[in-house]
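Comments concern the structure below.
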Amino acid sequence: MISRPRQPTMDQVAAAAGVSRATVSRVINNAASVAPSIRSAVERAIAQTGYVPNVAARSLVTRRSDSVALVISEPDRPDDHSFLNRIFTDPYFGRVTAGATGALRPHDVHLVVVPTDASDHHRVVRYLRQGHVDGVLLISSNEHDPLPAQVHALGIPAVLSSRPSGPLPVSYVDVDQRAGAALAAGHLLARGCRRLATINGPLDIPAGSERLDGFRSFLSARGFADIPAVTGDFTRAGGEAAARALLAADPGIDGLFVASDLMAEGALRAVQDHGRRVPEDVAVVGFDDSSAALECRPPLTTVRQPVEEMAAEMAALLLAQIASPGRSPRSVVFQPTLVIRDSA
């Protein structure tokens, strides 16, 4: 029978560092009362001995899991395959995950991705109530989604990825959606476009309605009323179908704002299939500045929302709430910028 080598113990770490076992425990649990020189000595002893703290035991002391949940809430889920396919292929969700993970990693906090829809909210609420995570980063795409209020009622630290639709006292991070759409409108006008149209996102999603309102309001103030709009679903296929509908109604459109880069990629295909050149005949502007913008042909002029920075700010706000429960909610709104490429 092969015997396994014994794992280093906390007592061995204490002996190597020349401190008490209690001091080692305080260092492992990040107690503020440990002098920097002693903390350094203990950390060196941990590295030298190869000691690995018992995570379960540490959680009992700190009452923390050192994990936070990234909850992605959709209003409905036609089937698991399409729902998960969108989460793991849409550049937006990948950018959020990267930004949040980058901010959490230096604090040894892990990110747990939790997809959910309305039929699954009770399981998510139960999971959060059981203390598996210390806080929640919540992406909620529907203004009528009850999950933000349900999470708030649990009393668990939480930060939303957009402004809540109702008077909910919770921290959030967002981008000025209307300002971004106005940037797109101004750029198309500056190019000389006069027969303008837009493909908006779903109107029950704040980003969809606010981008449409920002685009139309900017143009209305400059004498352009009744801007045609067709609603897409933030997918390539949705953008392509919406563009075909717009061009069928008005083949002379010369300026098109598409409320996401993925939809713009599909819209470009429809415009070119219609025999129109981009940008010579139709100038196209997207929104997001995701990897999809560079995959477009031609490369897409788009409104950039700094998703990675926004996700990192969400994580920072959440860590602050976890460290200091009872903090007042905060809101951080980023400003969009226009990235000019070849499509407009």
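Annotations for the structure displayed:
- The gain in end-to-end length when the Leu154 to Ala35 segment is fully stretched comes to 39.2 nm, 0.36 nm per residue minus the alpha carbon separation.
- Calculated mean residue ellipticity, 222 nm, the chain: -14000 deg cm²/dmol, from DSSP H runs (n ≥ 4) at -39500 (n - 2.57) each, averaged per residue and rounded to 500.
- Between the beta carbons of Glu295 and Leu338, assuming R0 = 25 Å, the FRET efficiency works out to 0.85 to the nearest 0.05.
- Net charge of Cβ neighbours under 11 Å - reference Leu104; Lys, Arg +1; Asp, Glu -1: -2
- Where both bridge residues fall in the chain, DSSP classifies roughly 10% of the beta bridges as antiparallel.
- Degrees between helix 206-220 axis and first principal axis of the chain (Cα, 0 to 90, nearest 10): 40 degrees
- Residues in region 151-165 carry Karplus couplings, in order, of 5, 4, 5, 6, x, 7, x, 8, 9, 8, 8, 7, 4, x, 6 Hz; the curve used is 6.51 cos²θ - 1.76 cosθ + 1.60 with θ = phi - 60°, and Gly or Pro positions show x.
- The phi torsions of region 253-265, fed into the Karplus equation with coefficients 6.51, -1.76 and 1.60 and a -60° offset, translate into couplings of 3, 10, x, 9, 9, 10, 6, 7, 5, 4, 5, 5, 4 Hz, rounded to whole numbers, with Gly and Pro shown as x.
- The calculated FRET efficiency for Ala248 paired with Gln272, based on their beta-carbon distance and R0 = 22 Å, is about 0.90.
- For region 143-169, backbone nitrogen atoms closer than 16 Å to the point 7 Å from Asp213 Cα along Cα-to-C-beta are found at 143-144, 162-168.
- Amide hydrogen neighbours beyond the local backbone of Tyr172, cut-off 5 Å, H modeled: Leu160, Arg330, Ser331, Val332
- Taken over region 151-255, the alpha-carbon convex hull comes to 116 cubic angstrom per residue.
- Normalised contact order of region 209-344, rounded percent, pairs of Cα under 8 Å and 6 or more residues apart: 20 percent
- Note on Glu280 and Ala47: their simple-model spin labels are 6.3 nm apart, each label 7 Å out from Cα toward Cβ.
- Model label zone, Arg222; criterion: amide N under 15 Å from point 7 Å along Cα-to-beta-carbon; scope region 181-206: 181-198
- Close amide H contacts of Ser65 (hydrogens built in the peptide plane, cut-off under 5 Å, sequence separation of 5 or more or a different chain): Asp134.
- Per residue, the solvent-accessible area of region 188-297 (1.4 Å probe, heavy atoms of protein chains only, all protein chains present) comes to 39 Å².
- Taking amide H as placed 1.01 Å from N in the peptide plane, Ile156 has no amide H partner under 5 Å among residues 5 or more places away or on another chain.
The values are calculated or read from the model by the stated rules, or taken from the named source; none is laboratory data. Nothing here was measured: the structure is a model prediction, and the numbers come from that model. All Cβ positions, glycine included, derive from the backbone under ideal geometry; neighbour counts span all protein chains shown. The protein model used for the area step is the full one, side chains on, heavy atoms only, and it has no ligands, DNA or RNA in it. Shrake-Rupley method; radii C 1.70, N 1.55, O 1.52, S 1.80 Å.
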